[in-house]
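The values are calculated or read from the model by the stated rules, or taken from the named source; none is laboratory data. This one's a predicted model, so the numbers in the text were calculated from it and none came from an experiment. Cβ sites come from the backbone with ideal geometry, for glycine too, and all protein chains shown count toward neighbours.
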């Protein structure tokens, strides 16, 4: 299945042979330390910057509703974010992975995002649009 929206993501996760747990890492776009003038201008126009993970959560697809409800839940934390990265882990033998099984994969996602290795994750902006990010492009 070609995932082009958040609804597609949930449908794909629920349609897998083994139960899934979705992993979300929310990141904030920031200027890199000691930015150049060009980097500042690019960032001010809504492009570029460094993505810094600020929070994460794992949920089964059945615990999730619309993207708007996920955004609303994130607002209650008081933490600002710009991009939500998503990955998943599979259960085994029909048993869904639990939250404890998501801890290590979430830590690995956070480290990958810090290094700019984001190619293996889906990325959604705050409006729920699937976005393509490249190294040096924060949105």
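Listing for the model above:
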read-out	value
Failed criterion for residue 69 (all others in (1) within 14 Å of the chain's Cα centre (by Cα); (2) in a helix (DSSP H, G or I) hold)	(1)
Counted residues, the range 78-93 - those being in contact with a strand residue (DSSP E or B) (Cβ under 7 Å, 6 or more places away or on another chain) and loosely packed, with under 12 Cβ neighbours inside 10 Å	1
One residue from 96, 50 being touching a residue at least 40 places away in the same chain (Cβ under 8 Å), more than 22 Å from residue 11 (Cα to Cα) and either within 16 Å of the chain's Cα centre (by Cα) or surrounded by fewer than 17 Cβ atoms within 10 Å (Cβ to Cβ) (or both)	50
Top-ranked residue in the range 117-139 [being at pLDDT below 90 and touching a strand residue (DSSP E or B) at 6+ places or on another chain (Cβ under 8 Å); ranked as nearest to residue 53 (Cα to Cα)]	138
Selection count, the range 1-27, where residues are part of a loop (DSSP other than H, G, I, E, B) and within 15 Å of the chain's Cα centre (by Cα)	3
Only one of 118, 89 that is part of a loop (DSSP other than H, G, I, E, B) and either within 14 Å of residue 6 (Cβ to Cβ) or touching a residue at least 24 places away in the same chain (Cβ under 8 Å) (or both)	118
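Let's see how each residue does on (1) surrounded by 17 or more Cβ atoms within 10 Å (Cβ to Cβ); (2) in contact with a strand residue (DSSP E or B) (Cβ under 9 Å, 6 or more places away or on another chain); (3) in contact (Cβ under 8 Å) with a residue 12 or more places away in the chain:
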| position | (1), (2), (3) |
| --- | --- |
| 6 | yes, yes, yes |
| 17 | no, yes, no |
| 24 | yes, yes, yes |
| 29 | yes, yes, yes |
| 40 | no, no, no |
| 43 | yes, yes, yes |
| 61 | yes, yes, yes |
| 76 | no, no, no |
